[in-house]
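Undergrad: Below are the structure tokens for one structure; questions will follow.
The values are calculated or read from the model by the stated rules, or taken from the named source; none is laboratory data. These numbers come from a predicted model, not from an experiment. Cβ coordinates were reconstructed from backbone atoms using ideal geometry, including for glycine residues, and neighbour counts include every protein chain displayed. Accessible surface is based on the protein model in full, side chains and every heavy atom, while ligands, DNA and RNA are left aside. Shrake-Rupley method; radii C 1.70, N 1.55, O 1.52, S 1.80 Å.
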Amino acid sequence: MSVLFKEIEHIVKQQSKAEEAFLKEYSQEKHTIGNPYVKLNPYLIAPLTALVMFENDRPAFAKVTVKGKEAAGDMVYRPATDSRKMVIPVYGLYEDYDNTVVIELSTGEKAEVSIKTEKAPEKLKKPTSIETTPEYMEDYVVFVSPTSPAFTAAYDYAGDARWYNTLNLAFDLKRIRNGRLLVGTDRLVAPPYHTTGLYEMGMIGKIYKEYRIPGGYHHDEWEMENGDLLILTQNLPRGTVEDVCVMVDRETGEILKEWDHQDVLPVYPVGGSGSQDAHDWFHNNAVWYDKKTNSLTFSGRHQDIIINRDFETGELNWIIGDPTGWPEDMQKYFFKPVGDRDFDWQYEQHACMILPNGDVMCFDNGHWRSKEKEHYREADDNFSRGVIYHIDTENMTIEQVWQYGKERGAEFFSTYICNCEYYGPGHYMVHSGGIGQENGKWMNFPGASKVNEIEDGTVQLSSITVELKDDQVMYEMHLPANYYRAEKLHLYDEEDRVVFGEGKLLGGLGVTEEFMTEAPAEEAGMMPDEYKAKFAKEEDRLVFKASFEKGTLVMLNLEGQNGLPVRHYFVPTTKRPFLAMCVGTFLEHDPRSVEFPVSCQGIEGTYKVTVTVDDKKYDTGIQVTF
């Protein structure tokens with residue numbers, strides 16, 4: 001009998017070592033444009049990226065062209081500064097291909113570099129169809145972040161992947177002002193998908209910062225004008241999830257401000273959508289800051305509402321949603337429909353935003369499409385859409401001014417996830433990312449909850465991403481997986497320069513709640529193999545994984561050595577029936593599997609690790625030092 005134990009190096013440490021190694025390799029000989037140093041996937045997690053490095057006799061500007069499979073696929077990049085020491089990131093390579101990269105200097109010198117890439121794993125999904133033109137897409141690519149087994153990836157006009165990331169990145173991906181990307185980490189804090197926080201990552205794959213927060217991250221984030229970050233989170237010890245937003249200091253990771261939706265809204269069962277329960281009563285899936293009104297807009301899927309709160313005071317300003325069933329004292333916050341156009345309320349919506357003219361846009365999933373169970377719609381009779389509402393906050397009226405998707409019916413229906421993007425008047429993206437069928441029938445539940453049924457062929461998941469200009473479809477891509485959001489971006493951004501040096505871990509995971517009473521148990525020797533127990537010691541936490549029958553009493557004990565106290569942690573084994581499984585990529589195939597992290601914060605010294613299972617306490621043979 002043995003319990004598996006390993007120490008896992010944080011990705012920023014792994015990348016720092018990789019960077020040190022390739023810089024050392026580079027320094028072994030002199031590299032010029034005629035003999036450039038080329039490093040494919042220098043930061044380990046972005047296989048279609050490379051670094052080209054060399055030195056000139058004098059400073060020069062560079063033009064970099066990654067040759068496409070045809071001329072329209074060329075990716076051209078002009079670094080903003082002239083330099084003698086050239087550090088040139090290369091993005092837009094094709095997988096399983098002998099890529100050609102042309103580098104031209106303002107001195108007239110020129111080089112052609114060949115970069116051979118490996119075949120990507122099956123998790124890099126290929127579009128089943130794509131309809132657009134290279135003239136429309138230019139050198140833009142569409143990024144998608146998965147909720148079912150797939151890679152976060154970017155596709156060009158032809159449907160070719162030109163970038164992907166091998167980490168299990170979660171939720172929204174946004175480009176920020178320094179040209180880098182913000183995206184959820186791959187480190188789970190609490191099931192089913194709450195992660196430690198956010199990575200700030202260059203397109204090259206280098207992680208410059210991890211922003212960690214005690215309640216974990218989910219769904220969405222926002223960069224304020226001064227650089228501080230709004231992050232959706234929760235107060236886990238309270239027993240509810242996805243109902244808090246915090247503002248985090250960009251430089252330190254310190255939490256500066258908090259907006260708790262329980263302060264302004266009644267909770268379960270008030271306003272409940274068909275997916276609400278007491279644990280996940282609001283399900284906050286989007287945040288948007290509007291400078292004109294100094295307000296925050298949030299999307300609450302499980303109350304079928306979009307709410308607006310004052311940034312300074314947190315007071316509730318207004319609510320968009322079907323007011324049916326809401327108490328009388330809340331009715332004053334709701335808008336009344338007006339206008340001659342057809343009008344539909346949004347239900348279990350995502351990705352709310354305030355447009356420049358004050359209109360409100362969101363993806364209306366339409367799940368159940370009623371506040372009353374007797375009127376719930378089945379999937380084959382339902383629709384999802386992008387929608388824009390015009391609101392009058394003085395008269396508290398609302399008018400539907402645009403929609404796309406209703407006319408497509410069930411084929412465009414997503415019970416969960418999805419987003420819209422606004423590029424200008426009449427120019428929008430509508431991403432229906434959560435389409436699913438089970439045994440040939442449209443699904444009325446989140447496909448992420450069914451990821452383990454994909455392999456046997458009973459469940460098929462897909463997404464459809466559409467761009468429209470003046471109501472004409474300019475782009476449509478179908479992918480055989482579910483994707484949380486889609487974003488159209490350039491691969492290159494002149495602000496996103498490669499900076500050498502180790503990344504930083506900011507903020508903290510907080511102190512893990514201890515159970516103050518030890519469960520009575522008899523010593524039972526080493527932990528049996530049947531529990532499949534394993535431990536991983538990371539930079540900032542100890543992670544315990546094992547397999548237990550539902551309802552088993554489990555406690556993780558850290559028995560302090562040399563006079564240190566004993567610490568007890570209750571490990572839940574009764575899983576909640578998450579009605580809104582927004583990301584399924586963290587799910588284990590074994591339904592009995594349990595994962596429990598203990599933060600290092602507040603713990604010092606060496607501890608013996610034991611596990612109590614019902615009335616028996618088992619030794620693991622492991623000692624850890626915090």
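Undergrad: For the chain, what is the mean residue ellipticity at 222 nm derived from helices alone (per DSSP H run of n ≥ 4: -39500 (n - 2.57); sum divided by total residues; nearest 500 deg cm²/dmol)? Before the final figure, lay out each step's value.
TA: On the way: 2 runs with 20 residues, N = 626.
Helices in the chain give a 222 nm mean residue ellipticity of -1000 deg cm²/dmol.
Undergrad: Another question about this same structure. State whether the stretch 1-119 is rounded, prolate or oblate according to the following rule on the C-alpha gyration tensor (a ≥ b ≥ c being the square roots of its eigenvalues): a/c under 1.5 gives rounded; otherwise a/b larger than b/c gives prolate, and the remaining case gives oblate.
TA: On the way: a/c = 2.73, a/b = 1.60, b/c = 1.71.
It is oblate, given that a/c is not under 1.5 and a/b is not larger than b/c.
Undergrad: Now a separate question. Can you pick out the pairs among Lys291/Lys504; Lys126/Lys545; Lys39/Lys69; Lys85/Lys206; Lys291/Lys371; Lys441/Lys532 whose Cα atoms lie more than 27 Å from each other? Walk me through the numbers before you get to the answer.
TA: On the way: Lys291/Lys504 30 Å; Lys126/Lys545 33 Å; Lys39/Lys69 22 Å; Lys85/Lys206 20 Å; Lys291/Lys371 33 Å; Lys441/Lys532 37 Å.
Distance filter (> 27 Å) returns Lys291/Lys504; Lys126/Lys545; Lys291/Lys371; Lys441/Lys532.
Undergrad: Right, something else. Using Cα pairs closer than 8 Å and at least 6 residues apart in sequence, work out the relative contact order for the stretch 509-575, in percent. Could the numbers behind the result be given before it?
TA: On the way: 75 pairs, mean separation 21.2, N = 67.
Computed over the stretch 509-575, the figure is 32 percent.
Undergrad: If a paramagnetic tag sat 7 Å from the Cα of Thr133 along the Cα-Cβ line, which residues of the stretch 475-492 would have the backbone N under 14 Å from that point?
TA: 475-476
Undergrad: Compute, for the stretch 199-263, the length of the dipole vector about the Cα centre, with Cβ point charges of +1 (Lys, Arg) and -1 (Asp, Glu) only. Units Debye, rounded to 20. Walk me through the numbers on the way to the answer.
TA: Working: 6 positive and 15 negative charges, 63 e Å.
Value, rounded to 20: 300 debye.
Undergrad: I'd like the distance between the alpha-carbon centres of the stretch 340-402 and the stretch 495-523, rounded to an integer number of Å.
TA: 39 Å
Undergrad: Could you pull out the trypsin sites (Lys or Arg not before Pro) across the stretch 283-345 that fall in loop regions by DSSP (anything but H, G, I, E, B) with no more than 16 other Cβ atoms inside 10 Å?
TA: Answer by residue number: Lys291, Lys292, Arg341.
Undergrad: Rounded, prolate or oblate for the stretch 117-239? Axes are the square roots of the Cα gyration tensor eigenvalues, ordered a ≥ b ≥ c, and the cut-off for rounded is a/c under 1.5.
TA: Numbers: a/c = 2.22, a/b = 1.62, b/c = 1.37.
It comes out prolate by the Cα gyration axes.
Undergrad: May I pose another question? Determine, from the Cβ-Cβ distance of Leu44 and Glu595 and an R0 of 30 Å, the FRET efficiency 1/(1 + (r/R0)^6), rounded to the nearest 0.05. Each step should come with its number before you reach the end.
TA: Details: r = 24 Å, r/R0 = 0.79.
Efficiency, from the Cβ-Cβ distance: 0.80.
Undergrad: Okay, next question. For the chain, what is the relative contact order in percent, using Cα pairs closer than 8 Å and at least 6 residues apart in sequence? Show your work: numbers first, answer last.
TA: Values: 1641 pairs, mean separation 83.9, N = 626.
Rounded, it is 13 percent for the chain.
Undergrad: At what distance in nm do the modelled label points of Glu394 and Phe343 sit from each other, each positioned 7 Å from its Cα along Cα→Cβ?
TA: Using points 7 Å along Cα→Cβ, the separation is 1.9 nm.
Undergrad: For Lys24, what is the net charge nearby, where nearby means another residue's Cβ is under 13 Å from its Cβ and Lys, Arg count +1, Asp, Glu -1?
TA: On the way: positive: Lys17, Lys39; negative: Glu19, Glu20, Glu25, Glu29.
The answer is -2.
Undergrad: From the phi angles alone, apply the Karplus equation (6.51, -1.76, 1.60; θ = phi - 60°) to the stretch 19-32 and give each ³J(HN,Hα) in whole Hz, x where the residue is Gly or Pro.
TA: After applying 6.51 cos²θ - 1.76 cosθ + 1.60, I find 5, 4, 5, 6, 5, 5, 4, 4, 6, 5, 8, 7, 10, 10 Hz.
Undergrad: Okay, which of the stretch 67-89 sit inside 19 Å, backbone N to the point 7 Å along the Cα-Cβ direction of Arg58?
TA: What the label zone holds, given the 19 Å backbone N cut-off, is 81-86.
Undergrad: Here's another thing I want to ask about it. Could you work out how much longer the chain between Phe500 and Lys336 gets when fully extended? Use 0.36 nm per residue separation minus the Cα distance between them, nm to one decimal. Walk me through the numbers on the way to the answer.
TA: Values: separation 164, 0.36 × 164 = 59.04 nm, distance 5.52 nm.
Residue separation times 0.36 nm, minus the Cα-Cα distance, leaves 53.5 nm.
Undergrad: Among the listed pairs Lys174/Lys550; Lys13/Lys617; Lys209/Lys488, which are separated by more than 30 Å between their Cα atoms? Intermediate values should be presented prior to the final figure.
TA: Details: Lys174/Lys550 38 Å; Lys13/Lys617 35 Å; Lys209/Lys488 23 Å.
Those over the limit are Lys174/Lys550; Lys13/Lys617.
Undergrad: Could you sort out which of Lys534/Lys608; Lys257/Lys332; Lys24/Lys123 sit more than 22 Å apart by Cα distance in this structure? The partial results should precede the final answer.
TA: Numbers: Lys534/Lys608 14 Å; Lys257/Lys332 27 Å; Lys24/Lys123 33 Å.
Checking Cα-Cα distances, Lys257/Lys332; Lys24/Lys123 exceed 22 Å.
Undergrad: Also, I was wondering about something else. Take Asp615 and Ala536, extend 7 Å from each Cα along the Cα→Cβ direction, and tell me the distance between the two endpoints in nm.
TA: So the label points at Asp615 and Ala536 sit 3.6 nm apart.
Undergrad: Right, another one. Measure off 7 Å from each Cα along the Cα-to-Cβ vector at Phe22 and Leu256, then give the distance between these two points in nanometres to one decimal.
TA: It works out to 3.4 nm between the two label points.
Undergrad: No other cysteine beta carbon under 4.7 Å away is the test; run it over the chain and list who passes.
TA: Cysteines of the chain left without a disulfide-compatible partner: Cys245, Cys418, Cys420, Cys582, Cys600.
Undergrad: Let me ask something else. Just by accessible area at a 1.4 angstrom probe, what is the order of Cys600, Cys362 from largest to smallest?
TA: In descending accessible area the options line up as Cys600, Cys362.
Undergrad: Separate question: State the label only: which of [x] 30.7; [y] 33.2; [z] 51.6 corresponds to mean projected area of the Cα convex hull in nm² computed from the shown model?
TA: Only one listed value fits the structure, namely [x].
Undergrad: Moving to a separate point now. Say R0 is 51 Å: what FRET efficiency, to the nearest 0.05, do Ala524 and Asp456 get from their beta-carbon distance?
TA: On the way: r = 38 Å, r/R0 = 0.75.
The pair Ala524/Asp456 has a calculated efficiency of 0.85.
Undergrad: Taking 0.36 nm per intervening residue step and subtracting the Cα-Cα distance, what contour gain separates Thr313 from Glu514 on full extension? Walk me through the numbers on the way to the answer.
TA: Working: separation 201, 0.36 × 201 = 72.36 nm, distance 3.33 nm.
Extra length available between Thr313 and Glu514 comes to 69.0 nm.
Undergrad: Within the stretch 119-157, list the trypsin sites (Lys or Arg not before Pro) lying in a DSSP loop whose Cβ has at most 12 other Cβ atoms in a 10 Å radius. Before the final figure, lay out each step's value.
TA: Working: sites: Lys119, Lys123, Lys125; in loops: Lys119, Lys123, Lys125.
Here the trypsin sites (Lys or Arg not before Pro) that fit, given the DSSP loop and packing criteria, are Lys119.
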